[in-house]
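The next block holds one structure in the form of structure tokens; read it before the comments.
Quick note: the coordinates plus some simple rules give every number you see, no bench work behind them. What you are looking at is a predicted structure, and each value in this text was computed from that prediction instead of being measured. Positions of Cβ are generated from backbone atoms using ideal geometry, with glycine treated the same way; all protein chains shown enter the neighbour counts.
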Amino acid sequence: MAAGNNVTRMSPRQRMINLMYIVLTAMLALNVSSDVLNGFNQVHDGLHRTNQNMAAKNDIQYHYLKDLYAKNPAKVGPWLELGDRLAKESSTLLNTIDSLKLAIARQADGKNGNPDHLINLDDLEAASVTMLNPSTNNGKKLRENIEAYRTVVSEMITDSVKRATVADMLSTDMTTRKGEIGGTTWEEKAFDNMPAVAAITLLSKLQNDIRQAESEALATIITNVDIGDVRVNELNPYVIPVSNMVMRGGKYTANIVLAAIDTTQRPTIFVNGTRLENDLGLLEIPATSVGSHDYSGFIEVARGDGSMERRPFSSSYTVMEPMATISPTLMNVLYAGIDNPISISVPGFAMNAIQATMTNGTLTRNGDSWTARPAQVGTEAVISVTATMDGRQQTVGSMTFRVRKLPDPSPYIPIKDAQGNPVHYRGSPKKISKADLMAAESLGAAIDDDLLNVTYSVVSFSTVFFDSMGNAIPEVSDGDRFSARQKEQFKRLKPGKSFFISNVKAKGPDGITRDISPMEVSLN
């Protein structure tokens, strides 16, 4: 039916047609048979019983959801909150509709009107006055409440077909009647010139639709409680040790767990971005380099709804060099005054978990290497090793060393070979050219036997030359340098002659000055 400003734009013929439609509708309404009205009454009674049954069914589902929560609050908590919200929204809307049914009944039958026992079934004013009165807008408010409820319930239903069914069932779309210009709102279509019994029956049917939608949403919530679970068909116990190697004083630690697996559907495992080829979860990594190594990945497993769940993991392992400890008991010697390289390792422990201390001297660490520097000759030095085990320090061993002074060095004259590289001339039976001798400025002393490489400082020395009569001519050095008188004697030497360097005093890094062996120098 046209209304408002649309009337002024109608032709006289269209206005006449609309007026005749109104008169015809009024005549039909005035002549609604008692059989039709009684039919509405029977439908309302049937809907009332159906609503009670649906309410009981929904109550059972709510109780089941609460029982699940009592058994596992952490898992079911979010779903119970969603169910409580659904129950609150449904109850509020149903109570609103009950109050509107009561208002229509009282409008039709007076203050004692009862929607379940309506007397004036054919009252055409009660529904319009209650629902379409501009001062209350009950019909519009009900439509908005239904639309809001439809949105809430649709978000809870994951199945697209069921969601579309519920949306259609609770539809409040505007319609256009034949012969009218413009649309008719849901509330006008439902309650305009509608007999009271028909309006109450429609509201009962709406309550039935709400119960149905509530049931669908509640079923989805209960299904979702377990839908993310991984299905299994076999339970196996496993012992997962922290380490299979335990040292005395430590403790063996292991986690004993019950693992659930599905033998019909193995998970997919990725380690460091590469898929594990076997389906038993067996990881094998070649140990090619020593030290600590980390790895990570994830496991993909199918959920109950067919979707895939990804669970990340990470771990580490330590690779040690194969080793054997060989200790020559008679050779456990440290030399005072110098840095003695020491190798310290404990099988089963990373190097950064090892600590060591030393008596009678200092022990310093440089990466994975150690340096011992004894202090006093003749006093034993004890190196003690500890390792961090389960968060505490555990003594894992010690070794006693004898501290000795450094051996005496050998004197040498520093010269250069044909390529200009420095070499040590250590005397007869090798010979030295006069040119190399004249180029030499000083005398050196060192231990360079490939076991120890220690340089000494020459304090003083003497040279002994023999004249043609066989008389010895001694000359004294200028510290570690050849004196001018010694250089003058070098000039007088004839090819094939020799002289001696004796009374050599040298001081080592241990601070001890000692007399060392003489050397004979022979010219080419």
Take the Cβ-Cβ distance between S498 and T371 as r, set R0 to 45 Å, and report the resulting FRET efficiency rounded to the nearest 0.05. 0.60
Please list the equivalent ellipsoid semi-axes of the stretch 415-524, computed as the square roots of five times the alpha-carbon gyration tensor eigenvalues, in descending order and whole angstrom. 24, 18, 12
Could you list the residues of the stretch 443-468 with an amide nitrogen less than 19 Å from a label point located 7 Å from the Cα of S483 in the Cα-to-C-beta direction? 443-444, 458-467
For S135 and D98, extending 7 Å from Cα along the Cα-Cβ vector and measuring point to point gives, in nm, a value of 2.7 nm
Taking the Cα atoms of the stretch 406-450 alone, what are Rg (to one decimal) and Dmax (as a whole number) in Å? 11.2, 34
Give, in nm to one decimal, the length gained when the segment between K88 and V43 is fully stretched (0.36 nm per residue of separation minus the Cα-Cα distance). 13.4 nm
Fully extended, how many nm does the chain gain between L452 and T364 (0.36 nm per residue separation, minus their Cα-Cα distance)? 29.7 nm
Please find the FRET efficiency linking A287 to E81, where r is the Cβ-Cβ separation and R0 is fixed at 45 Å, and quote it to the nearest 0.05. 0.35
Using 1/(1 + (r/R0)^6) with R0 = 30 angstrom and r between the beta carbons of S343 and S316, what's the FRET efficiency to the nearest 0.05? 0.75
Excluding residues on the same chain fewer than 8 positions from K416, give the aspartates and glutamates whose Cα lies under 14 Å from its Cα. D436, E441
Among the listed pairs K88/K205; K101/K140; K57/K140, those beyond 23 Å (Cα-Cα): K57/K140
Kirkwood hydrodynamic radius (Cα pairs, Å) of the stretch 425-470? 13.4 Å
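Tell me, in nm to one decimal, what length is gained between M174 and E380 on full extension, where the rule is 0.36 nm per residue of separation less the Cα-Cα distance?
Gain on stretching M174 to E380: 63.8 nm.
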Compute log10 of I(q)/I(0) for the stretch 354-400 with the Debye formula, placing one identical point scatterer on every Cα and leaving out solvent, at q = 0.18, 0.30, 0.32 Å⁻¹, to two decimals. -0.58, -1.10, -1.16
